[in-house]
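See below for the structure under consideration.
Taken together, the values in this text are just the output of simple stated rules run on the coordinates, not laboratory data. Note that the coordinates shown come from a computational prediction; the quantities given were computed from them, not determined experimentally. Quick reminder, even Gly has a Cβ in these numbers, built from the backbone with ideal geometry, and neighbours come from all protein chains shown.
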Amino acid sequence: MTPAAFIAGLPKAELHMHIEGSIEPPLFIELARRNGVKIAWATEAELREAYRFRNLQSFLDLYYDGCRVLLHPRDFYDVTRQYLARAHEDKVLHAELFLGPQGHTARGVPLAAMLEGVFSAMDDALGEDGITSGLILLAQRHRSQAEALDLLDSAMPWADRLLGFGLGGAEVGNPPSKFVEFFRRCRERGFKVVAHAGEEGPASYVREAVELLQVQRIDHGNASLDDPALMALLASEQIPLTVCPLSNLKLNIVSSLETHPLKRLMDAGLCVTVNSDDPSFFGGYINDNFAACQHALGLSRHEVVSLARNSVVASFMPPEASKTALAAIEAYDRNAEAWTTT
Ligand code: ADE
Ligand code: ZN
C-alpha cells in the first residue's frame with residue numbers, strides 16, 4: 001500500500017484544530033445567507049482565492065472577519081458537526097477542539113449560544129460516529145489578561161464539560177508572561193492548559209509558556225529549535241508540541257515542507273504531533289498534513305506510526321480510552337500491508 005493509503009486508515013487523535021477555522025467555503029456562504037450577513041465574496045472560488053496569506057496577522061484579519069457569520073447555536077452546531085464528520089473519515093478517534101469565544105461575545109453572541117451548539121454537535125458525533133471530543137477555550141492574546149479572566153469566570157457554568165483553556169491569536173508582542181495570573185487560576189480550578197507559542201514568536205515565548213504558564217502542551221513550538229537548552233527541557237519533560245505543517249506553509253512560517261522542522265523536532269526526542277490548525281483555510285485536514293510531511297520529509301512507516309501514537313499520549317483522553325486507542329494503532333500497523341514506494 002502507498003504511504004498515503006496507510007495514513008488514511010491509521011487511527012489517530014487531533015489536538016490542534018480551531019472550530020472557526022473549519023468553516024468550509026460552501027457552509028460559510030450558506031451561513032452568511034442564512035443570517036443575512038454581508039460578505040465580500042460571492043462564490044466559493046472567490047473565497048478560496050482570498051485565502052492567500054502573508055503572515056499570521058493577514059490570516060487573522062480574514063479569519064476574525066469571517067467569524068461574523070456565526071451567530072446562533074445552530075451555526076456553531078453545523079460547523080462543529082461538519083468538522084467531526086470529516087475527522088471521523090480521516091480515522092480520528094478523538095479530537096480536542098479550540099473555540100475563541102471573545103471575538104463572538106464582542107459581537108453580542110452569548111457564550112451559552114456557542115457552547116450549546118458545539119456541545120450538541122460533539123454529543124451527536126459521539127452517538128453517530130463514536131468519535132470522542134473535548135473543548136478548549138482560547139483567550140485572544142492581543143486582549144488584556146483582565147478579559148481572559150472574565151472569559152474564565154463566564155465559563156464556570158460549563159466547567160464540568162470543558163477540557164481546558166489556552167492562548168491564541170497575534171503572538172509577537174503578546175508574550176505568555178502577559179497571562180501568568182489567568183493560567184494560574186485556570187490550573188487552580190483543575191483545567192488543562194495549553195498555549196500557542198513559537199509559531200511566529202521566538203523560543204523565549206515557548207520557554208515562558210512552559211515555565212511561567214506551566215502548560216501541558218505547546219501549540220506549534222517550531223521556534224524551540226533555536227534554543228538547545230529549551231529543546232533538552234521539552235525532551236526530558238516530554239512536553240508535547242502540536243505541530244501544524246500545512247498551516248506553517250500557508251502562513252510563511254516555513255518556506256517549504258521540505259525544510260519544515262517536524263523531523264528535526266522528532267529526531268531530538270520531543271513528543272511531536274501533527275494537526276491541521278485551520279483546515280478550511282490551509283488546504284488540508286489531518287491526513288493531508290500527515291501525507292504531505294511523509295512525502296516531503298521522507299518519513300518512515302515507524303515515524304508515521306510514532307506521530308499517531310504521540311497524538312494519543314499527548315491527548316487529554318482518560319487512561320482507559322488512551323490504552324484502547326494505542327492498541328488500535330498497534331493492531332493497524334501489525335496488520336496493514338507493506339509500503340510501496342511512490
Ligand atoms: N487562531 C487560529 N489559528 C491560529 C494560529 N495559527 N495561530 C494563532 N492563533 C490562531
Ligand atoms: Zn492554532
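Quick rundown of the values:
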| read-out | value |
| --- | --- |
| Relative contact order for the chain, counting Cα pairs under 8 Å that sit 6 or more residues apart, in percent | 22 |
| 10 Å binning of all Cα-Cα separations within the chain, expressed as whole percents from 0 upward | 6, 27, 37, 25, 6, 0 |
| Full-extension gain in nm, Ala229 to Arg185, via 0.36 nm per residue minus C-alpha separation | 13.0 nm |
| Cα-projected label distance for Arg74 with Ala112, points at 7 Å along beta-carbon direction, nm | 1.9 |
| Whole-Å distance, taken between Cα centres, linking the range 179-240 and the range 241-269 | 17 |
| Label-point separation, Leu62 to Asp129 (7 Å along Cα→Cβ), nm | 2.5 |
| Amide hydrogen neighbours beyond the local backbone of Asp219, cut-off 5 Å, H modeled | Ala195, His196, Ala197, Thr242 |
| Extension reserve of the Gln238-Ser177 stretch, reckoned as 0.36 nm per residue once the Cα distance is removed | 19.8 nm |
| Charge sum, other residues only, whose C-beta stays under 15 Å from Lys250's C-beta, Lys/Arg counted +1 and Asp/Glu -1 | -4 |
| Theoretical ellipticity at 222 nm over the chain - DSSP helices of four or more residues, -39500 (n - 2.57) apiece, nearest 500 | -15000 deg cm²/dmol |
| Backbone N within the range 320-338 under 15 Å of label point (7 Å from Arg301 Cα along the Cβ vector) | 329-338 |
| Gain in span if fully extended, Ser120 to Ser144, counting 0.36 nm per residue against the direct Cα distance | 5.6 nm |
